[in-house]
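The values are calculated or read from the model by the stated rules, or taken from the named source; none is laboratory data. Here the structure is a predicted model, which is why all the values come from computation and not from measurement. Neighbour counts are summed over all protein chains in view; Cβ atoms, including those assigned to glycine, are modelled from backbone coordinates with ideal geometry. Surface areas here come from the heavy atoms of the whole protein model, side chains and all, with no ligands, DNA or RNA. Shrake-Rupley method; radii C 1.70, N 1.55, O 1.52, S 1.80 Å.
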Amino acid sequence: MKTPVARPLDGKTALVTGGSRGIGRAIAVELASAGAFTYINYVRSEEAARETLKIVEDQGGKGSLLRFDVSDFDAVNDAIQGITKETGRIDILINNAGVTLSGLFVRTKPEAWNSVMDVNLTGAFNCCRAVARYMIKQRWGRIVNMTSVVALSGNAGQVCYSASKAGIIGLTKSLARELGSRNICINAVAPGFIETDMTGSMEGKSRGEALDQIPLGRAGMPDDVAGVVGFLVSGKADYITGQVMHINGGLYM
């Protein structure tokens, strides 16, 4: 009888927010395949979340669905408490949940600004805040926050989104300094043009113009991002914290 091969994240518990599709789905599958029991957060489509869980299980991973709104501080805390009661720990947090909004700045209403900030930036704060005390007690934790190429380059028509993602970088670097002494590594990942439902709906001309700006000449895939996230939460990245990893095919250098 063969001895089971140890996997990099065996015994770890992970939470991926916005894990029902796209980049979040790819990350959830990556972490579960590496051995982590992975909670797949969603807020709207239970069907899509169940599809993600099925992929996880079909590839030999284990996980569970967890519905909550990252912008709701109390709901986030309840969810993290539930995870720790079930598994005894929370080791890995991937702040992937996010919304986008495009439109001219002069036409942007305060309500629109607040809705983007509530999910993208406040949501990341809520989740980091909820897991921090458990990770401090464990003296081990890995947090990866999803930012974006436009957080650094800016993009006309995406002021709200760009600002929220730029805030993620400040959050990441400050938390990395504050929690590093507790063996908690916190990094950010900045994807560029990645094949998702959102980019897939772009019209031919605008899509072509976007691809023309990428030196590698193609869009990235969700797995391109998931692989980097998997590395950052593994033992191979134990001396990496406070960094922004760019995954954009050279779109921004």
Legend entry - For G220, distant residues with modelled amide H under 5 Å away: F193, I194, E195
Legend entry - Packing-based order for 234-243, 24-33, 217-226, using average beta carbon neighbours within 10 Å, highest first: 24-33, 217-226, 234-243
Inset, instruction - Work out from phi, with θ = phi - 60° and the Karplus expression 6.51 cos²θ - 1.76 cosθ + 1.60, the ³J(HN,Hα) of each residue of the range 210-220, listed in order in whole Hz, and give x for Gly and Pro. - result: 5, 5, 5, 8, 9, x, 6, x, 8, 7, x
Legend entry - Percent accessible area from carbon and sulfur atoms, the range 102-245, protein chains only, probe 1.4 Å: 55
Inset, instruction - Could you pull the Cα extents of the range 39-163 along its three principal axes, largest to smallest, in whole Å? - result: 48, 34, 26
Legend entry - Virtual paramagnetic centre 7 Å along Cα→Cβ of L211, amide N under 17 Å, in the range 217-253: 217-222, 248-251
Legend entry - Amide H contacts under 5 Å for F68, placed H, 5+ residues apart: Y42
Legend entry - q = 0.22 Å⁻¹, the range 1-67: log10 I(q)/I(0) [Debye, one scatterer per Cα]: -0.77
Legend entry - Read-out Cα extents along the principal axes in Å, derived from the coordinates shown; its label in (i) 52, 46, 27; (ii) 54, 42, 35; (iii) 58, 40, 37: (iii)
Inset, instruction - Divide by every residue of the chain the summed helix terms, -39500 (n - 2.57) for each DSSP H run of at least 4, and state the resulting mean residue ellipticity at 222 nm, rounded to the nearest 500 deg cm²/dmol. - result: -13500 deg cm²/dmol
Inset, instruction - Treat every Asp and Glu Cβ in the range 110-191 as -1 and every Lys and Arg Cβ as +1, leave all other atoms uncharged, and give the resulting dipole magnitude about the Cα centre to the nearest 20 debye. - result: 540
Legend entry - Between helix 22-33 and the chain: long-axis angle, C-alpha atoms, 0 to 90°, nearest 10: 20
Legend entry - Whether the range 120-193 is rounded, prolate or oblate, judged on the alpha carbon gyration tensor where a/c under 1.5 counts as rounded: prolate
Legend entry - Nearest 10 degrees, 0 to 90: helix 159-179 Cα axis against the chain principal axis: 30
